[in-house]
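Trainee: I am attaching a structure below and will ask some questions about it afterwards.
The values are calculated or read from the model by the stated rules, or taken from the named source; none is laboratory data. The structure presented is a predicted model; accordingly, all values stated were derived computationally and were not measured. Don't worry about glycine lacking a Cβ; one is built from the backbone with ideal geometry, like all the others, and counts go over all protein chains shown. Heavy atoms of the whole protein, side chains included, go into the accessibility calculation; ligands, DNA and RNA do not. Shrake-Rupley method; radii C 1.70, N 1.55, O 1.52, S 1.80 Å.
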Amino acid sequence: MSFFFNMMPIDNAPRSYPRLPWYCLERFRPVLTNMVRHASRLPMASRLPMVSGLVAVLLAVTLELWVGRWVPWTLLLVGTAMALRGIAQVGSRLGIEVWFLPLCLLFGATFSFYAGNQRTRAERQLAHWKEAAASLTGLDPLHWSPVALRGSVDSPVRYRRAVMPLPGSKQTDSTARPGTVTQEDWQSQTVLEVSQVRIGGTWKRVQARVPLIVDGRLDAILPGDSVEVFCQWKLPSQARNPGQFDLASYYADRGYSAQARADGPDQLRIRSAPDRWRADRFLAWVGHIALQSMERHVPFGQFPLASALILGQRDMVAWRLQEDLLATGSIHMLSISGMHIEMLSTALLLMGTACSLRRTYLFLTVGFVIWGYTLLCGTNPPVMRAAIMLSVTFVARLLDWQSSSLNNLAFAGLVLMLGRPAVFFELGTQLSFLAVAVLILSGERLVRRAAPLLSLIEARHGKVRRTMRSFRIQCIDMFRASFWVWFLTAPLVWSGFHVISPVAIPLNVLLSPLMLIALTAGLGMILLGWLDPFGAILGGICGGSLGLVDVFVAWGERLPGGHFWAPAPPMVWLFSFYALGIGAAWWHGVRRIRGRRRVLYLLMAWMMVGLAYHPVRRWIERTWMPSPGLSITFFDVGHGCHVWVETPDRALWCYDAGRMGDHDKSYRVMADSLWAMNHATINTLVLSHADADHFNAIPGLLERFWIRRLVTTPQVWEHSDPALRDLLTRLESAKVPVETWRAGHAEEGRNWSLMALHPHQGGSLGSDNADSLCLLIEYAGRRLLLPGDLEPPGTSQLLGLRHIDVDLLMAPHHGSLSARADQVVAWCEPDAVVVSGSAKTLSPKVEALFGASGRQLYLTARDRAIRFEIRSDGGMVAKLWREGEWELATTFPDR
């Protein structure tokens, strides 16, 4: 075991290089031998065996996922053959380096078998549940169906901000920074182990794990409670738009069968408590007491941020602050991460050393506290990684073994993969392990020993001067470490969040001591917060520290050039970045500053390539590539509207951007689609009218994309709605030109044209919907009509125009049956109709109205995102978003 953890002194004796076992490679033996000698700079087998094992496992699991189930069998056969050949040829005369490659292959084969079986079992469970769900009345991915469930609570209750202000809520400004919130502002989240479902008047036995969301706070629910819930539920849905999160895959990976929600705590009744002691129940009770203590004692409105930082209650923080933390590269504050555990252990070790505790008692006490805190805050992968690494390090110190931090990191990774092999494919886990590896490698380089003469000279200086010099060196080292962590994790963050945040380099250095103070005070509140004097003092320290954090984050978010948003380059670029970094570090070495500079310059050049990729690609497409035709895409945003028109000259027009629901997060579906389709610029954003479900996503898009101009109506420009006035103020601050259009306004491009048909000259017709901006688009003999939410009396004005035969119509007012849509359909006689709306549009009446006479009917609630492509010769096809790509649905006859 001491070999695998590398806790014995390293043997630096010269190595002998064995004959290659493959006779066909003998002719290349000198070249390969030189390569092996050069690779001995990083003797992975003897110094970093756990790292070698983790690399082998990750490669094997990745190949099994991408290539197929025959990969583990191949690795198993090759590893066994190499081991048998080594036994037959040389017996036990060679060192561990010769045996290590077969061992890594066999190890990788075992893990890939395990990963494949885990994934197959999850898929089978999901398929079995879907079959069982077919027999349960009304359960599908589109509709919330009322149901009564019985089961036991399987996880501690966590809280989040209500998606929309609940009845009686005092939330007035959802974009405000942290402040006082009321009972009605929260939603509770937990997981139920469902054992019975009521169908009709009878209870039917089932086995299912169901996440439950309840409006309001559930303060009396603990893990193990047997409960009965009156709620609504539905199956998780797959990704419905490009770039959207796939909830169905997420649920399948974690063994969840459906999602449920209840209207309030009164819809949940406790039937009985567990009949035996449960550790998670005790920890949940401790967490509940700590949360109440923080709510009472943390001042300056920092209770939500303190709950996120100390107890992992990330969703309690206002969404505006979450966005600021993401933009400034300090989002790790909102979840209990490995850094929190390491900072906390450092504080405890310093306090224990100051109290002159024996090393054995100190390590055991700190280890007990760290594992208790890990279990209390949720065993997410970064936290488990830190706890495992610290435990292994403490054991090594107690046994006086020499330990390798990289080996400890790799061992933590292998332990996590035993629990869930897919954990390393999650962005949070990748960032955690990469950041720690960078800190370990850079930390080894930062350890310097001063020359004896310099030490003597330094000793003659005054204490103040020595202290200042030491402080300056520590700050420089911290900034250097912060730079390397940011620079090497930036491509991964860019690929996941489409943001690059140079401000994170100084900001994280400034925030680290404040976080350490807040964490230490928070741990004290967990232990002593129930005593009001101690709770008030510790809460004041915690709140004051987090108040300064809030100030620094707000400054970092406003700093010009501190962060910028951009679509990420292809995954090939990301893989190449880290492959080049590893190769350059291996070739040039990183022990000397010259080698580190060469690695830095190479990676900076490759980063410039990534930044230039999309602008250069777009320039090449506009200059050299043939016209792609015209396409129009309707996105599934629920009850709302978001339509793209991509013109033949490669300009992007967006018609409306909004959806019903959480106004703060309404932009996410649209922004993710823009990133996924590699768009960084919106040439023209059209706002049809002044309803929030058509414009509430524009502020979020304005922060992330370059909007060249906004087109709307005079009625919108003169509207008095506060949210709309705030939007227009933001557009003015961002220097976005705003144009007002009326009927008759027209624009022409290369072989395409666009004309406004409504509203006409004059004042408002009495409602926002009646004043909707209606656009007619023509290309290659095809016509498309976008009427917004047009309804009477505006409909009468549109119908007063001459008859226009269109190929594609977006149903007015989300397919509403009261908007005289039947007259609009009869007036323009479309070949196809698209209804952009929620699941309420899935009704026989809507289908009868818009799908009559053999007309093609598409509903975003049923068909997900819908894309129509028109070629230059007039050919038109319809495509639906399926399994991460556009799938051909309909080919329309030629004109």
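Trainee: Tell me which residues, restricted to the range 754-777, are over 39 Å from the mean Cα position of the chain (by Cα) and open to solvent by 30 Å² or more (accessible area, probe 1.4 Å).
Mentor: 755, 760, 761, 762, 763, 764, 765, 766, 767
Trainee: Just one of the numbered conditions (1) open to solvent by 20 Å² or more (accessible area, probe 1.4 Å); (2) modelled with pLDDT under 90; (3) assigned by the TED database to the domain that holds residue 502; (4) among the small types (Gly, Ala, Ser) is not true of residue 535; which one?
Mentor: If we test residue 535 against (1) open to solvent by 20 Å² or more (accessible area, probe 1.4 Å); (2) modelled with pLDDT under 90; (3) assigned by the TED database to the domain that holds residue 502; (4) among the small types (Gly, Ala, Ser), just (1) comes out false.
Trainee: Right, here's the next one. Within the range 260-274, which residues are open to solvent by 30 Å² or more (accessible area, probe 1.4 Å) and outside any helix (DSSP H, G or I)?
Mentor: Selection gives 261, 263, 269, 270, 271, 272, 273, 274.
Trainee: Continuing with this model, one more query. Here is a check on your reading of the model: is residue 591 open to solvent by 60 Å² or more (accessible area, probe 1.4 Å), modelled with pLDDT under 85 and not assigned by the TED database to the domain that holds residue 442?
Mentor: yes
Trainee: What tally of residues in the range 570-614 results from selecting those that are of a type in the set (Phe, Trp, Tyr) and touching a residue at least 12 places away in the same chain (Cβ under 8 Å)? Please lay out each step first, then the result.
Mentor: To start, the set of residues in the range 570-614 that are of a type in the set (Phe, Trp, Tyr) comprises 573, 575, 577-578, 586-587, 601, 606, 613.
With the extra rule that they be touching a residue at least 12 places away in the same chain (Cβ under 8 Å), the set shrinks to 573, 577-578, 586, 606, 613.
The total comes to 6.
Trainee: Out of the range 523-582, which residues are in contact with a Phe, Trp or Tyr (Cβ under 6 Å, 6 or more places away or on another chain), farther than 30 Å from residue 618 by Cα and of a type in the set (A, V, I, L, M, F, W, C)?
Mentor: The answer is 528, and nothing else.
Trainee: Let me ask you something else. Please verify whether residue 516 is in a helix (DSSP H, G or I) and either polar (S, T, N, Q) or surrounded by fewer than 19 Cβ atoms within 10 Å (Cβ to Cβ) (or both), treating the condition exactly as stated.
Mentor: In short, yes.
Trainee: Let me ask you something else. I'd like to verify a number: residues in the range 481-498 that are within 20 Å of the chain's Cα centre (by Cα) and under 14 Å from residue 607 (Cβ atoms), how many?
Mentor: Residues meeting the conditions: 10.
Trainee: List every residue pair whose Cβ atoms lie under 9 Å apart, where the two residues are 6 or more positions apart in sequence or sit on different chains, the first residue falls within the range 222-234 and is closer than 24 Å to residue 286 by Cα, and the second residue, located anywhere, is open to solvent by 10 Å² or more (accessible area, probe 1.4 Å) and of a type in the set (Phe, Trp, Tyr).
Mentor: Partner pairs satisfying both residue conditions: 222/282; 222/285.
Trainee: Same structure, new question: Can you confirm whether the range 639-654 contains a residue that is more than 26 Å from residue 780 (Cα to Cα) and either open to solvent by 30 Å² or more (accessible area, probe 1.4 Å) or not aliphatic (A, V, I, L, M) (or both)?
Mentor: Within the range 639-654, one or more residues are more than 26 Å from residue 780 (Cα to Cα) and either open to solvent by 30 Å² or more (accessible area, probe 1.4 Å) or not aliphatic (A, V, I, L, M) (or both).
Trainee: For the range 722-737, give me the residue count where each residue is touching a residue at least 24 places away in the same chain (Cβ under 8 Å) and surrounded by 15 or more Cβ atoms within 10 Å (Cβ to Cβ).
Mentor: 4
Trainee: Can you tell me how many residues in the range 327-386 are crowded, with 23+ Cβ neighbours inside 10 Å and more than 28 Å from residue 155 (Cβ to Cβ)?
Mentor: Residues in the range 327-386 being crowded, with 23+ Cβ neighbours inside 10 Å and more than 28 Å from residue 155 (Cβ to Cβ): 3 in total.
Trainee: Taking the range 739-748 as the region of interest, how many residues are part of a loop (DSSP other than H, G, I, E, B) and open to solvent by 30 Å² or more (accessible area, probe 1.4 Å)? Give the derivation first.
Mentor: Residues of the range 739-748 that are part of a loop (DSSP other than H, G, I, E, B), as a first pass: 741-745.
Going one step further and asking which of them are open to solvent by 30 Å² or more (accessible area, probe 1.4 Å), we end up with 742-745.
Here the count works out to 4.
Trainee: What are the pairs, 6+ residues apart or on separate chains, where a residue within the range 495-509 that is in the same structural domain as residue 676 (by the TED database) has its Cβ under 9 Å from a residue that is among the hydroxyl-bearing types (Ser, Thr, Tyr) and open to solvent by less than 40 Å² (accessible area, probe 1.4 Å)?
Mentor: The qualifying pairs do not exist here.
Trainee: Give me the helices (runs of 4 or more DSSP H) completely within the range 395-479, filtered to those with at least 2 residues that are at pLDDT 75 or above and outside the structural domain of residue 384 (by the TED database), ordered by residue number.
Mentor: Helices (runs of 4 or more DSSP H) meeting the threshold: none at all.
Trainee: State all residues of the range 622-649 that are closer than 23 Å to residue 565 by Cβ and at pLDDT below 90; if no residue qualifies, say none.
Mentor: Scanning the range 622-649 gives a single hit, 622.
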